[in-house]
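What follows is a single structure, written as structure tokens, with notes after it.
What follows is calculated from the coordinates using simple rules that are stated; it is not laboratory data. Predicted model only: the values in this text are computed from it and were never measured. Positions of Cβ are backbone-derived with ideal geometry, glycine not excepted, and every protein chain shown enters the neighbour counts.
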Amino acid sequence: MSNTIKTTLFLTALTVLFMIVGRMIGGQSGMLIALVMAGIMNMGAYWFSDKIALKMSGAVPVSEYEAPELHEIVGRLAMMAGIPKPKVYVIPGGTPNAFATGRNPSNAAVAVTAGLMEILNREELEGVLSHELGHIKNRDILISSVAAMIAGAISYLANMAQWAMIFGVGRGDDEDDGGGIVGAIVMMIVAPLAAMLIQMAISRSREYLADSTGASICGKPYALANALRKLEEWNHRLPMHVNPATAQMYIVNPLTSGMIANLFSTHPPIQERIKRLTQKA
């Protein structure tokens, strides 16, 4: 099953979950309120995603004079991908990593750490940048924002139900039967967790797709595989200090504590990513 189909199925599952939760603990009016509130917050974040992410990471813009090779590679790969050349940023720090951001291909940016350019050879650097351009080409920021909006709406419904139970507020006689207090309590606990798991599954499927797209852009899947191997090793050896909210954006997870199970990870296992890329070579 392709990652595009998986993403569609995951988004459908999120939507169905939202409908079920809304019926049980929010009713139609609760569903509408939760969706609007989540939509305002997440679409605002989507619109300003590039500025927020770059600010939080400490990335600084670099000119073609300051980083001629980096600009040349990004420009050439963007042309091969059929998208406008994104803005180029560098993040201070010796740990190799990178991310892409922006609400659409015309308003996108690629940020790489200083360590990425020092540790990787040219082919590996091209592989990483192709992966990031794959995220831009596939409009992953938009997809992630939609998933976050639905998951956020489910969390709002659960919070609304919690406060309603605390203060003894009912939904009114004109609302559909929500399945009783037991069902509401179960949904308050289970629904946000299920939404989070589905949202993370979407993130993992988009990483696989960006790997595949990136390998097609640069034509060197082995180079991206080698880069991922190096990045995983270096991020364990020299962990980055990043805001956990931005960790999912990087090509490899900079949070390497090992305390979070794969089920709760926004990134697929590196070995599985390398295996899939090797099979494409």
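Some points to look at:
- Hits among lysines - C-alpha to C-alpha of Lys55 under 21 Å, sequence gap 8 or more where chains match: Lys85, Lys87
- With a Förster radius of 41 Å applied to the beta-carbon distance between Met196 and Asn121, the computed FRET efficiency rounds to 0.60.
- Ranked Ser155, Ser212, Ser106, criterion: other C-beta atoms within 10 Å, fewest first: Ser106, Ser155, Ser212
- Förster-model FRET efficiency, 35 Å R0, Trp47 and Thr12, C-beta, rounded to 0.05: 0.90
- Axis angle, to the nearest 10 degrees, between helix 27-47 and the longest C-alpha principal axis of the chain: 20 degrees.
- Residues of type lysines that Lys230 reaches as a straight line, Cα spacing below 18 Å, ignoring anything fewer than 8 places off in the same chain: Lys220, Lys275
- Per-residue Karplus couplings for region 148-159, computed as 6.51 cos²θ - 1.76 cosθ + 1.60 with θ equal to phi - 60°, are listed in order as 5, 5, 5, 4, x, 5, 5, 5, 4, 4, 4, 5 Hz, Gly and Pro entered as x.
- Shape class for region 75-123: oblate, because the ratio a/c of the largest to smallest gyration tensor axis (alpha-carbon atoms, square roots of eigenvalues) is 1.5 or more and b/c is at least a/b.
- Ranked list, fewest to most other Cβ atoms within 10 Å of each Cβ, for Arg204, Arg237, Arg273: Arg237, Arg204, Arg273
- Placing dummy labels 7 Å off each Cα toward the beta-carbon, the span from Ser265 to Leu142 is 3.0 nm.
- Divided by 2.2 N^0.38 Å, where N counts the residues, the Cα radius of gyration of the chain comes to 1.10.
- Spatial separation of Cα centroids for region 45-95 and region 185-253, in angstrom: 19
- Database remark: amide H of Lys87 closer than 5 angstrom to the amide H of Ala108, Ala109, Val110 (H placed geometrically; neighbours at sequence offset of 5 or more, or on other chains; Pro and chain starts carry no H).
- In this label model, Leu238 and Leu32 are separated by 5.6 nm, measuring between points 7 Å along each Cα→Cβ vector.
- Overall form of region 40-166 per C-alpha gyration tensor (a/c, 1.5; a/b vs b/c): prolate
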